[in-house]
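Down below is the structure, laid out as structure tokens.
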Amino acid sequence: MANRFLYLARHGAAVDDGVLSEVGRQQATLLGERLRDVPLSAIHHGPLPRARETADLVAACAPHVPTYSSDLLGDYLPAIPDGNVLPADLIASYSAADLADGPSRASAAIERHAVPAEQDTHELIVTHNFLIAWFVRHALDAPPERWPGLNQGNCALTVILYRPRRPPSLLVFNDMTHLPPPLRWTGFPQELRV
């Protein structure tokens with residue numbers, strides 16, 4: 001029985017123009033060192049600079065692993081739940097086209113990556129908070145409105161196992177043990193810091 005281990009990582013901390021900050025570069029390098037001995041077959045990333053830069057720094061620790069950019073792994077809202085769960089200013093920060101296109105892109109990302117493989121494979125996806133939450137929601141078979149409650153730290157690691165004829169298994173969620181305490185908890189609202 002083939003196993004697909006899907007590693008999901010949020011991009012490193014970024015500055016306002018979307019490129020990685022010095023902290024983000026440190027986080028991405030440490031994520032690469034953490035994954036150095038994982039037999040990755042591919043590194044996929046979203047098209048925005050912060051995801052691409054993170055993937056490039058991870059790939060520096062695994063130079064034999066090919067990297068691929070995909071619009072399916074970009075920064076978008078995978079669904080807009082009912083009940084004003086999302087802040088209005090967040091929704092307003094996306095174009096009407098992006099809001100309309102988000103659900104179909106999220107479905108396509110799931111269809112492409114959240115499935116069993118024909119042979120054992122380990123793949124990394126470097127993407128954004130919302131899409132990782134959508135993958136976790138899907139793996140847990142949770143209702144669509146549950147994804148906004150899942151937050152990931154920058155360069156935190158989530159791992160989901162996909163096998164034929166079995167439901168997905170969430171193996172690791174938001175693990176930051178590869179990051180020293182000063183580099184943890186970035187990407188979370190201030191009120192959630194512990």
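The values are calculated or read from the model by the stated rules, or taken from the named source; none is laboratory data. Bear in mind the structure is a predicted one, so any value in this text is a computation, not a measurement. We place every Cβ from the backbone using ideal geometry, glycine too, and count neighbours over all the protein chains shown. The accessibility values were calculated without ligands, DNA or RNA, using every heavy atom of the protein model including side chains. Shrake-Rupley method; radii C 1.70, N 1.55, O 1.52, S 1.80 Å.
So which residues in region 12-29 are in a helix (DSSP H, G or I) and either open to solvent by 10 Å² or more (accessible area, probe 1.4 Å) or aliphatic (A, V, I, L, M) (or both)? Explain how you work it out, then say what you get.
Within region 12-29, the first condition is being in a helix (DSSP H, G or I), and the residues that meet it are 22-29.
Hits for region 12-29 are Glu22, Val23, Arg25, Gln26, Ala28, Thr29.
The set of residues in region 30-39 being open to solvent by less than 50 Å² (accessible area, probe 1.4 Å) and either in a loop (DSSP other than H, G, I, E, B) or farther than 13 Å from Val126 by Cα (or both) consists of Leu30, Val38.
Checking every residue in region 86-96 against the condition of being assigned to a helix (DSSP H, G or I) and either crowded, with 16+ Cβ neighbours inside 10 Å or basic (Lys, Arg) (or both) gives zero matches.
Kindly indicate whether any position in region 120-139 is among the polar types (S, T, N, Q), modelled with pLDDT of 95 or more and over 28 Å from Val19 (Cα atoms). Within region 120-139, one or more residues are among the polar types (S, T, N, Q), modelled with pLDDT of 95 or more and over 28 Å from Val19 (Cα atoms). Checking the stated criteria, Val115 turns out to be in contact with a Phe, Trp or Tyr (Cβ under 8 Å, 6 or more places away or on another chain), at pLDDT below 95 and either part of a loop (DSSP other than H, G, I, E, B) or within 21 Å of Ser69 (Cα to Cα) (or both).
Please tell me if Pro47 is open to solvent by 40 Å² or more (accessible area, probe 1.4 Å), part of a loop (DSSP other than H, G, I, E, B) and in contact with a strand residue (DSSP E or B) (Cβ under 8 Å, 6 or more places away or on another chain). Yes, satisfied. Applying a threshold of 8 Å to beta carbon distances and a minimum spacing of six or more residues, or different chains, the list of pairs starting in region 28-48 at a residue that is of a type in the set (S, T, N, Q) and ending at one that is outside any strand (DSSP E or B) reads Thr29/Leu57; Thr29/Ala60; Thr29/Cys61; Ser41/Val65.
Here Ala62, Ala114 are screened, and the one residue that is open to solvent by less than 20 Å² (accessible area, probe 1.4 Å), more than 17 Å from Gly187 (Cβ to Cβ) and under 14 Å from the mean Cα position of the chain (by Cα) is Ala114. Summed over region 118-134, the residues that are in a helix (DSSP H, G or I) and either touching a strand residue (DSSP E or B) at 6+ places or on another chain (Cβ under 7 Å) or aromatic (Phe, Trp, Tyr) (or both) give a count of 4. For region 65-85, the set of residues classified as part of a loop (DSSP other than H, G, I, E, B), open to solvent by less than 50 Å² (accessible area, probe 1.4 Å) and of a type in the set (A, V, I, L, M) consists of Val65, Leu77, Ala79, listed by residue number.
Based on this model, can you work out whether Ala42 counts as open to solvent by less than 50 Å² (accessible area, probe 1.4 Å), small (Gly, Ala, Ser) and at pLDDT 95 or above?
Numbers: open to solvent by less than 50 Å² (accessible area, probe 1.4 Å): yes; small (Gly, Ala, Ser): yes; at pLDDT 95 or above: yes.
Against the criterion (open to solvent by less than 50 Å² (accessible area, probe 1.4 Å), small (Gly, Ala, Ser) and at pLDDT 95 or above), Ala42 qualifies.
Looking across region 97-111, the residues that are open to solvent by 40 Å² or more (accessible area, probe 1.4 Å) and aliphatic (A, V, I, L, M) come down to Ala97, Leu99, Ala100. Taking region 121-139 as the range and being among the polar types (S, T, N, Q), under 17 Å from Ala14 (Cβ atoms) and open to solvent by 10 Å² or more (accessible area, probe 1.4 Å) as the test, only Asn129 passes.
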